[in-house]
Amino acid sequence: MVYVDRGVGARRARSIIHEYRIRTPKEIDVEGIAALKNVCVREDILEGCEGRLVRKGNCGIITVNTNTREVGKKRFTIGHELGHFELHGKKNSSFICSKKDVQPLGSFNVSPETEANEFAAELLMPEDMFKPQCAQTSPSLNHIQSLAYDFQTTLTATALRYIQYCPYRCAIVVSKENKIKWAKESEDFGYRLESGQKLHPDSWATDFFQGEDLTREMQTVLARSWFQYGRVSSTACLSEQSWSFPNYGEVLTLLFLDDSFDE
Ligand SMILES: [Zn+2]
């Protein structure tokens with residue numbers, strides 16, 4: 001039985017950042033941090049899993065899948081496995097983590113996998129460094145992309161972190177097959193976007209699934225094109241920025257309700 005506690009992952013990562021006096025995103029060398037903890041990182045072809053931790057005594061070996069190309073994804077996997085090492089380590093133990101286990105999208109269930117993900121998110125995008133950046137400019141996918149570049153994280157992980165800390169009413173939506181795959185709203189967003197909800201024909205994101213190219217600019221759209229739940233005025237508009245990722249067959253959307261939003 002592994003002991004779990006909401007927030008323990010983030011707290012442990014924060015104390016490591018503090019312990020090694022890491023002050024800038026560039027200094028977050030996740031393999032270097034692992035090495036300081038007697039954990040070495042190697043790559044290998046892993047069948048059906050994203051990462052693996054084998055622990056013996058106070059030492060460990062993390063293996064990440066060679067087939068994972070994206071640097072940000074690799075870093076998140078290393079962070080996740082290091083999270084298991086720091087939080088769930090018995091003297092001799094091993095963890096084999098699937099794609100579903102290693103992911104930045106939070107879960108209501110408290111589990112070792114959720115804790116390891118929280119650890120990875122805080123280690124790679126520490127609140128003290130990340131949060132102040134969120135308020136620096138008005139919301140856009142361009143800003144999130146530049147944060148992803150600075151912190152060497154995936155666009156998705158960065159977008160989710162952004163939603164957690166931005167002082168604006170925003171939501172991030174990933175769509176696939178013309179339906180919402182998942183969505184995450186900022187705390188004061190005020191509307192819920194349900195997984196499985198079909199995209200409205202007036203949304204910009206849906207154009208990708210009709211075979212059209214998407215502009216990468218922020219656009220205005222009627223709010224009811226997105227909000228099928230909750231009250232919304234028939235003339236209310238919101239800002240939508242949708243980027244397509246044809247290789248994944250997915251669209252990443254940022255929705256933004258500015259101060260003039262009329263409910
Ligand atoms: Zn795991």
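The values are calculated or read from the model by the stated rules, or taken from the named source; none is laboratory data. Worth saying up front: this structure is predicted, and the values here are computed from it rather than measured. Don't worry about glycine lacking a Cβ; one is built from the backbone with ideal geometry, like all the others, and counts go over all protein chains shown. Please note that ligands, DNA and RNA were not included when accessible areas were found on the heavy atoms of the full protein model with its side chains. Shrake-Rupley method; radii C 1.70, N 1.55, O 1.52, S 1.80 Å.
Structure notes:
- Candidates are the residues of the range 100-112 that are under 16 Å from the mean Cα position of the chain (by Cα) and away from the ligand (no atom under 12 Å from the Cβ); the one that is modelled with the highest pLDDT is Pro104.
- Among the criteria (1) closer than 30 Å to Gln133 by Cα; (2) out of contact with any Leu (no Cβ under 9 Å at 6 or more places or on another chain); (3) surrounded by 13 or more Cβ atoms within 10 Å (Cβ to Cβ), the one Val71 does not fulfil is (3).
- Yes/no for Ser244 being modelled with pLDDT under 95 and polar (S, T, N, Q): no
- Any hit, the range 74-95, residues being within 19 Å of Ile172 (Cα to Cα) and either assigned by TED's automatic domain parsing to the domain that holds Leu36 or not in a helix (DSSP H, G or I) (or both): no
- Subset of the range 5-51 (residues that are of a type in the set (A, V, I, L, M), farther than 21 Å from Pro126 by Cα and open to solvent by 30 Å² or more (accessible area, probe 1.4 Å)): Val41, Ile45
- Count of the range 228-263 residues, restricted to those that are closer than 23 Å to Ala157 by Cβ, open to solvent by less than 70 Å² (accessible area, probe 1.4 Å) and in a loop (DSSP other than H, G, I, E, B), is 1.
- The single residue among Thr154, Thr220 that is within 23 Å of Asp29 (Cα to Cα), away from the ligand (no atom under 16 Å from the Cβ) and in contact with an Asp or Glu (Cβ under 9 Å, 6 or more places away or on another chain) turns out to be Thr154.
- Of all the listed residues (Ile33, Ile62), the sole one being of a type in the set (A, V, I, L, M, F, W, C), in the same structural domain as Glu118 (by TED's automatic domain parsing) and in contact with a Leu (Cβ under 6 Å, 6 or more places away or on another chain) is Ile62.
- 2 or more residues open to solvent by 20 Å² or more (accessible area, probe 1.4 Å) and more than 25 Å from Ile16 (Cα to Cα): qualifying helices (runs of 4 or more DSSP H) within the range 120-221: 141-151, 206-209
- Verdict on Val54 being surrounded by fewer than 21 Cβ atoms within 10 Å (Cβ to Cβ), in the same structural domain as Ala120 (by TED's automatic domain parsing) and more than 15 Å from the ligand (Cβ to nearest atom): no
- Of the residues making up the range 81-99, just one is near the ligand (Cβ under 10 Å from one of its atoms) and either basic (Lys, Arg) or open to solvent by 50 Å² or more (accessible area, probe 1.4 Å) (or both), namely Ile96.
- Test: residue in the range 138-151 that is touching a residue at least 60 places away in the same chain (Cβ under 8 Å), closer than 28 Å to Asp259 by Cα, within 16 Å of the ligand (Cβ to nearest atom) and not β-branched (Val, Ile, Thr): no
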